[in-house]
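K.L.:
Attaching a single structure in structure tokens format; questions to follow.
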Amino acid sequence: MVDNSEPPAKRVKVDQDAEFAPGNLDGGDQRRRNGGKEKHKSKSSRARAPGKAKDKDGKPKDRRRGTRRDTEEDDPTASKVPRLPKRQCALLIGFCGTGCNGMQIQPDVRTIEGVLFDAMVKAGAVSQDNADDPVKVNLGRAARTDAGVHAAGNLVSIKMITAIPGVPDITTHINELLPPEIRLWSFLRVQNSFSARTRKYTYTFPSYVLLPPKPGSGLYKAFRSQKTADADQADHSFWADAPSPSTKEEDLHRKRLWRISPEQLQALRDTAKKFEGSHNFHNFTVGRDFGDRSNLRYMKEIEIEDPVVLGDTEWISARWHGQSFMLHQVCRKMMAAMILSCRTGTPAQIIDEMYGPRVVFVPKMPSLGLLLEYPVFEGYNRKVEAVNEKFTPEDPDYRPPIDFEAHREEMEKFKMQYIYKNIREVEDQDGLFDAWIRYIDSYSGNDLLYLNPKGIIPPVAVLKRGEKRENPFREKKKFDVTGKLSESKIKVDLEDEEEAEEETLDKAKLADTEG
């Protein structure tokens with residue numbers, strides 16, 4: 001029996017001790033950072049001691065070079081900048097991820113954290129002593145995002161200077177140094193660790209992806225071959241009324257004018273409910289065996305919103321509220337399983353089948369539609385609520401709860417101006433969702449044969465470790481792009497380039513990509 005109750009929240013520390021790779025920041029200084037590879041020693045171990053090994057200048061060998069003490073000792077006449085106190089803080093931010101190689105600082109690429117850290121150094125919230133290495137200020141984040149993925153709300157933890165001489169409003173000052181597609185909503189004093197957090201994601205897609213496969217396509221033939229004669233049905237009216245033959249451009253024009261029916265919308269909502277509760281999501285990520293306990297995740301709620309017409313296209317948003325998510329779980333695979341089962345008329349019970357021990361291939365939907373709404377710090381907020389009973393908000397030991405809803409109005413305007421506008425423009429210009437659907441429909445192998453009228457996984461669709469399959473499904477890199485293909489830095493042949501097969505990642509690497 002499946003336990004649909006929410007498991008108790010666990011207190012975890014968010015990336016406080018993680019190592020971060022350095023990166024060239026958004027047009028900023030080409031600084032070299034040590035990437036956190038150097039071990040940080042305690043003050044006592046760095047202090048001079050009798051008999052300790054020294055370098056040729058008479059300084060302890062194990063002490064880092066380039067620190068303030070080195071500068072002062074090498075040049076006693078150097079001007080001394082007063083040290084300003086640092087405080088553990090949570091930065092509430094939002095961003096349009098197009099043009100960035102994900103959230104976390106990496107070498108030689110533009111990232112959200114890299115741009116933010118550079119702005120904080122320029123603003124004086126991070127001292128020049130710490131500007132060469134984000135590890136020195138305990139830089140961490142609540143949720144990682146892949147390259148190009150957007151977030152209306154995310155949280156960065158950092159030890160920052162909260163009283164900058166001559167700067168009355170630090171938030172405004174930092175925002176003036178950030179590009180408009182990256183915003184700092186506010187910063188809060190916090191305790192040194194955060195409790196278990198849930199996440200809210202939204203995936204937005206054009207409703208036409210729910211249209212059934214085009215007659216004559218590979219998936220169309222594969223699905224109909226599994227129907228019995230008495231269960232055979234006429235083609236969907238959309239395709240029955242289509243001119244024959246028709247080009248992909250003509251099809252796309254008609255698709256954008258199509259509108260989902262109330263019955264189809266209800267079927268989508270019914271399928272989404274199958275994801276709620278506690279399940280083994282091993283088929284909706286990569287590199288996890290069925291028996292791995294980390295596959296057990298809790299989905300609190302999935303909501304399918306009413307369709308909205310923007311321009312010629314009808315759009316639908318699916319909101320996901322989960323305790324934690326695995327690599328690709330929401331971004332691609334759960335959405336794809338829901339969409340593909342609904343558009344082929346596969347019974348919703350196929351989702352239940354995927355929680356079982358058999359391994360199947362679930363393709364990834366385009367990254368374009370994914371948005372991290374914000375992480376939710378329910379456990380942390382309960383903890384500080386108890387602590388704050390002893391203090392008033394003016395007390396320096398008071399710690400405010402972390403609540404993105406306080407910035408709801410600003411976040412909604414930001415989403416419309418930068419995120420949703422970007423999604424619509426890319427779809428209008430490149431038809432990325434249509435390209436994905438046509439690529440899915442062109443596949444005629446066995447990997448997707450669990451899409452069938454019975455809603456049962458057939459043996460031919462089950463993947464076995466080490467097995468070389470005939471005609472396996474191959475993903476394409478262009479569906480990782482979240483900006484316009486003509487402007488993308490991902491150099492791919494838009495028709496032929498394939499992704500490498502999904503690798504089996506070790507547990508340490510998977511843990512580093514999930515939350």
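The values are calculated or read from the model by the stated rules, or taken from the named source; none is laboratory data. The structure displayed is predicted, hence computed values, not measured ones. Glycine gets a Cβ as well: all are built from the backbone with ideal geometry, and neighbour counts include every protein chain shown. Quick note on the areas: whole protein, heavy atoms, side chains included, nothing else; ligands and nucleic acids left out. Shrake-Rupley method; radii C 1.70, N 1.55, O 1.52, S 1.80 Å.
K.L.:
With Cβ to Cβ distances under 14 Å as the rule, what net charge do the other residues near E389 carry (K, R +1; D, E -1)? The partial results should precede the final answer.
P.N.:
Values: positive: R382, K383, K390, R399; negative: E385, D395, D397.
My count for the surroundings of E389 gives +1.
K.L.:
Out of T171, G148, I182, whose Cα points farthest toward the positive end of the dipole of the stretch 86-196 (charges: +1 Lys, Arg; -1 Asp, Glu; placed on Cβ)?
P.N.:
T171
K.L.:
A further question follows. Just to check I understand the Karplus step: with θ = phi - 60° and J = 6.51 cos²θ - 1.76 cosθ + 1.60, what whole-Hz values come out for the stretch 358-363, glycine and proline as x?
P.N.:
5, 9, 10, 9, 10, x
K.L.:
Let me ask another. Between A143 and residues 5 or more places away or on another chain, which pairs have amide H atoms under 5 Å apart, with H built 1.01 Å from N, and which residues are they?
P.N.:
Result for A143 returns L155.
K.L.:
Could you tell me which of L139, T111, N101 has its Cα farthest along the dipole of the stretch 86-196 towards the positive end, charges placed at Cβ (Lys, Arg +1; Asp, Glu -1), taken about the Cα centre?
P.N.:
L139
K.L.:
Rounded to the nearest 20 debye, what is the charge dipole size of the stretch 86-196 about its Cα centre when +1 sits on each Lys and Arg Cβ and -1 on each Asp and Glu Cβ? Don't skip to the answer; put the middle values down first.
P.N.:
Values: 10 positive and 10 negative charges, 77 e Å.
Roughly 380 debye for the stretch 86-196.
K.L.:
Could you check how much of the accessible area of the stretch 86-196 is carbon and sulfur, as a whole percent, using a 1.4 Å probe? Please list the in-between numbers first.
P.N.:
Values: 1580 of 3270 Å².
That share works out to 48 percent.
K.L.:
Right, something else. Counting only heavy atoms of the protein chains, get the accessible area per residue of the stretch 86-196 (1.4 Å probe) and round it to a whole Å² value.
P.N.:
Details: 3270 Å² over 111 residues.
On a per-residue basis, 29 Å².
K.L.:
Between the stretch 86-140 and the stretch 354-413, what is the C-alpha centre distance in whole Å?
P.N.:
What the calculation gives is 20 Å, centre to centre.
K.L.:
How much net charge surrounds H407 when only the other residues with a Cβ under 11 Å from the Cβ of H407 are counted, with Lys and Arg +1 and Asp and Glu -1?
P.N.:
-2
K.L.:
Ok, one more. Using modelled amide H (1.01 Å from N, peptide plane; none on Pro or chain starts), what sits under 5 Å from the amide H of L310, excluding residues fewer than 5 places away?
P.N.:
The list, which skips near neighbours in sequence, is W315.
K.L.:
Hey, what do the phi angles of the stretch 466-474 turn into as Karplus ³J(HN,Hα) couplings, whole Hz, using 6.51/-1.76/1.60 and θ = phi - 60°, x for Gly and Pro?
P.N.:
x, 7, 9, 8, 7, 6, x, 5, 10
K.L.:
Mind listing the phi-derived Karplus ³J(HN,Hα) values for the stretch 417-428, rounded to whole Hz, using 6.51, -1.76 and 1.60 with θ = phi - 60°, and x for any glycine or proline?
P.N.:
6, 10, 8, 5, 4, 5, 4, 5, 5, 5, 5, 4
K.L.:
Then there is this: Loop-only GluC sites (Glu not before Pro) in the stretch 355-403, please: DSSP not H, G, I, E or B, and at most 11 other Cβ atoms within 10 Å.
P.N.:
Values: sites: E373, E378, E385, E389, E394; in loops: E394.
Loop-located and lightly packed - E394.
K.L.:
In nm, give the distance between the simple-model label positions of E276 and A406, each being 7 Å from the Cα along the Cα-to-Cβ direction.
P.N.:
3.1
K.L.:
Around V167, which amide H atoms from residues at least 5 apart in sequence, or from another chain, sit under 5 Å from its own amide H, with H modelled in the peptide plane?
P.N.:
Long-range HN contacts for V167: none found.
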